[in-house]
Structure formats: structure tokens, C-alpha cells
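Written below as C-alpha cells is the structure these notes are about.
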Amino acid sequence: MRQLLVCATVLVALWSCHPEPDDYDLLDQMVVSTNYDTTVYIGGNSIGTYKTYALPTDTIGYVSNTDRNDTIRTSPQYDLPRKVLQTVEANMNKLGYTRVGFHESPDIGVNVYAVKDLNLFQQVVYPNYYYSGYYGYGGYYYYPYVQTYAYNTGSLVVEFVDLKNAAANQKYEVIWNAYMGDLFNAVNQLDQSIEAVNQAFVQSPYLKVQE
Amino acid sequence: MRYLIFTIALFGAQVLYAQNNYFYIALDVNTPLGNKDFVDETSARGGRMGYRAFVTEDSRVSLGIDASWTTFDKYKPTETFESHGGAITTDYFNYVYQYGLAVSGLYHFKVGESERFFPYAGIGIGANYNEYAQYYNIYSSVEKKWGFLARPEAGVLFRFTRNRGLGAMAAVHYDYSTNKSETFNVDKFSSVGFQIGLIIMNRY
């Protein structure tokens, strides 16, 4: 009885020494980070002076350090690219931009792509060895081995490329971007992606076209 | 830190000679005082264990060592943080993992002749190690800090029967700490707590 009581108390007292938030609660909403080129914005040449943009219809880019194929792009049932692009388009139109074709000299080229990173962690494990008697006799020794942990992480990225001033700048500059993550661990990838894209525009009111 | 280890060793040597002693393990419920923007909820995810020995056979003063652990947390709903050149929107969780180590000096009051109830009061001095963490989606930021700990405490020990060593304890304590985190703007992370647990007492 005494041992039982002590064990029960030890268990209760020790429970969750280092608890962390529940995965579902963490992953049910993406982190949305937006950045703009301060030289373009603050220099009086606001992003809002750009009027037209070009956007792909049904394809988003895919950058990965691992596999070339991914369900985001390859699954025929999966319409994340199209829905995300439609969401970007709706937001752009709401801000006053006009969509034009790629060959109609758009001011902004909108890039949308997914980045997938395979993260590898390696750890060398030194097993305990058992040793008894004289050195070399009756002892067991296991060689250390390398244990590899891997997980995929990734972001959905929307970028504004400055095409209006590309010739003058002699390069393509990104004047605004939105990083939304984590894309590959999302509880509901499609809905959360759309929600994240909308949020990216909500938190960037300076994108509004100036009359 | 060196002085803390030395003091603990000194007390450790002391208890070897002590006659009466007890070991305890308890569930510890704590509420943070101040810094409520970071964490503010009462946490039952904590515990304490320790060993205390009376200085001499008839003494009412005990010296001991206490180890404690508590996790505080707070959910922060979705918020947008503006910065120069951009903004970030997320919901997030703030956590404080607190581990304490203290040496204690307690005075046990005499109540009647039953030798079953032992109210006590005293203070523990030591250090605590706090891990301040912020979790958002798959990302996290962590800062780990040491701080000084002073813990006034009052409680009661209760032996289930006169002749057996097993008993229960309950206590309240105030943990004053200098622990701070610059990253998360937390300073003097202190708390009050209530603990309830079991004791195993050896009386000779």
C-alpha cells in the first residue's frame, strides 16, 4: 500500500516535466510573414503606383532540396495551385490592380511557389557497453552508430517582381513577398493556404493602388 | 553557482549525522506573480521533492534540500506584429519551464503530545533555471536563464499513524526569484504556490 501510494504520487508529481503545445493547436493556422522593399516604399515611389500585374492561371512554382515530385503539383485532384492563384487574383483586383497577360508589359510579375526543405538531423549514439572481468574477456562492446532524423518543412511564397523598372534597374527586384508556413505540416493545407494568402494582403494595406 | 553547490554539500554532510528525517514528494500548484502578459494562468503541472533532516534528535529545526519543477503556459490568440519593412501574423503559445533547487531551514512547531502533526515554517534559498519558450506553428524561440531563488514557506506534516513513517503534507510558499528574460521582456519571475503530497518520515 505504501509503495503504491508513493508510486502514484511520484507519477502525479512528475507528469509532464516538459510539456509542449498540442500539434493540432500549433498547426491549425499558418504563420504569415510579409516584407516589402523599404527603398521602393519609403523613397516616395510606393508599390501602390504600380497598376498592372501578370499571374499564372493554374501552376505554382516548386523549389525543393529533395524530391522533384510533389502532391501539391502532381495530384490531379488536388487544386491547391489554382485556388491559391485565384485568391491572389481576387486580392490584387480588390486593391485596384489590373491583370494583364505576360506579353502586355505588366508592372508586376506575381510569383507563387512552394518551398520544401528536407531537414536532416544526425546524432551519434554510443551504446552502453557491458564489461566484466579482464580487459578483452567477457566484455561486450557495440560500435557507435549514427541515427538520422528527418522531417519536411516548407513555405508557400507569394512574390511581387518589379517588371516596370526592370530595364532601368537592369535586374528583376522583388519588391514585396509573403512567406506562409508551415505548408507541409498544415492540418488543412488548402483552407489554411487560402486563409494565409488573404491575411498576407490584409496586413499589407500599402499595396493599394494609388488613384 | 559554486557557492550553491558548496552550501548543498555542507547541508548534505550535516544530514548524514541527523537522527530524524523525512523525504517528501508533492504536487505543486503555482500562480505567477507579475509578468502576466507572458504567462498568467495557475499551473498544476508542477511538483516538488526533497529531503529534510532535523539538526539533532530533539531539535525542531530541520535542514534540507528541495528540487522543484513547474510549467506555466498561456495561449495568445492571433496577433499581427508590425515591424520596419513588414509584418508577421500568428497565434502562439508562451511557456515557462521552471526548475528550482534550494536548501531549506525550517522550524517545526510542537502541537500537543501526539507527535502526528508538525506545522512548520521556514525559508529555502537557492537558484532556479527557467526556460522561456514561445511556440508558433512549427517554429519556436527559447531563452534559458538562471536566477536567485528565495522561498518562504509554511506548511504542515501529518503522519497517518503514530508508529508508521508514512504521512501527508501540505504547504504554501512564495517563490521570489530574480530570473529574467530580455528576449521576452520578463523580469523577477516570481510565483506563489500550494503543494500537497506524501512524506516518509524516519523517527528514532
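In the set B:154, B:150, B:127, only one residue is among the aliphatic types (A, V, I, L, M) and more than 14 Å from residue B:101 (Cα to Cα); that residue is B:154. Within segment B:75-93, which residues are loosely packed, with under 13 Cβ neighbours inside 10 Å and not in a strand (DSSP E or B)? Answer for segment B:75-93, where residues must be loosely packed, with under 13 Cβ neighbours inside 10 Å and not in a strand (DSSP E or B): just B:84. Considering segment A:179-205, and only residues there that are more than 8 Å from chain B (Cβ to nearest Cβ) and assigned to a loop (DSSP other than H, G, I, E, B), the residue that is modelled with the lowest pLDDT turns out to be A:184.
Among the residues of segment B:27-42, those identified as buried (at least 21 other Cβ atoms within 10 Å of the Cβ), under 16 Å from the mean Cα position of the chain (by Cα) and more than 10 Å from chain A (Cβ to nearest Cβ) are B:30, B:32. Per the listing B:56, B:90, the residue uniquely touching a residue at least 12 places away in the same chain (Cβ under 8 Å), among the β-branched types (Val, Ile, Thr) and out of contact with any Phe, Trp or Tyr (no Cβ under 7 Å at 6 or more places or on another chain) is B:56.
When residue B:73 is tested against (1) within 9 Å of another protein chain (Cβ to nearest Cβ); (2) out of contact with any Phe, Trp or Tyr (no Cβ under 8 Å at 6 or more places or on another chain); (3) farther than 30 Å from residue A:37 by Cα; (4) not β-branched (Val, Ile, Thr), only condition (2) is not met.
Candidates in segment A:179-190 are the residues that are out of contact with any strand residue (DSSP E or B) (no Cβ under 7 Å at 6 or more places or on another chain) and within 10 Å of residue A:80 (Cβ to Cβ); of these, the one that is surrounded by the most Cβ atoms within 10 Å (Cβ to Cβ) is A:189.
Per-residue answers, yes or no, for (1) touching a Phe, Trp or Tyr at 6+ places or on another chain (Cβ under 6 Å); (2) away from chain A (no Cβ under 14 Å); (3) buried (at least 20 other Cβ atoms within 10 Å of the Cβ); (4) not aromatic (Phe, Trp, Tyr):
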site: B:133; (1), (2), (3), (4): yes, no, yes, yes
site: B:148; (1), (2), (3), (4): no, yes, no, no
site: B:154; (1), (2), (3), (4): no, yes, no, yes
site: B:168; (1), (2), (3), (4): yes, no, no, yes
site: B:179; (1), (2), (3), (4): yes, yes, yes, yes
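The residues of segment A:60-82 that are part of a helix (DSSP H, G or I), surrounded by 15 or more Cβ atoms within 10 Å (Cβ to Cβ) and either over 15 Å from the mean Cα position of the chain (by Cα) or modelled with pLDDT of 80 or more (or both), listed by number, are A:73, A:80, A:81. Residues that are away from every other protein chain (no Cβ under 13 Å) and either surrounded by fewer than 15 Cβ atoms within 10 Å (Cβ to Cβ) or in contact (Cβ under 8 Å) with a residue 40 or more places away in the chain (or both) within segment A:161-178 comprise A:161, A:162, A:163, A:164, A:166, A:167, A:168, A:169, A:170, A:171, A:172, A:173, listed in sequence order.
Number of residues in segment B:103-120 that are surrounded by 14 or more Cβ atoms within 10 Å (Cβ to Cβ) and among the small types (Gly, Ala, Ser): the value is 2. Residues that are at pLDDT 90 or above, acidic (Asp, Glu) and farther than 24 Å from residue B:26 by Cα number at least 1 in the following helices (runs of 4 or more DSSP H) confined to segment A:1-48: A:23-27.
Looking across A:157, A:146, one residue alone is in a strand (DSSP E or B), aliphatic (A, V, I, L, M) and at pLDDT 85 or above. It is A:157. Yes or no: residue B:178 over 30 Å from residue A:183 (Cβ atoms), over 13 Å from the mean Cα position of the chain (by Cα), among the β-branched types (Val, Ile, Thr) and modelled with pLDDT under 90? Spelling it out, it is not the case that residue B:178 is over 30 Å from residue A:183 (Cβ atoms), over 13 Å from the mean Cα position of the chain (by Cα), among the β-branched types (Val, Ile, Thr) and modelled with pLDDT under 90.
The values are calculated or read from the model by the stated rules, or taken from the named source; none is laboratory data. This one's a predicted model, so the numbers in the text were calculated from it and none came from an experiment. Cβ coordinates were reconstructed from backbone atoms using ideal geometry, including for glycine residues, and neighbour counts include every protein chain displayed.
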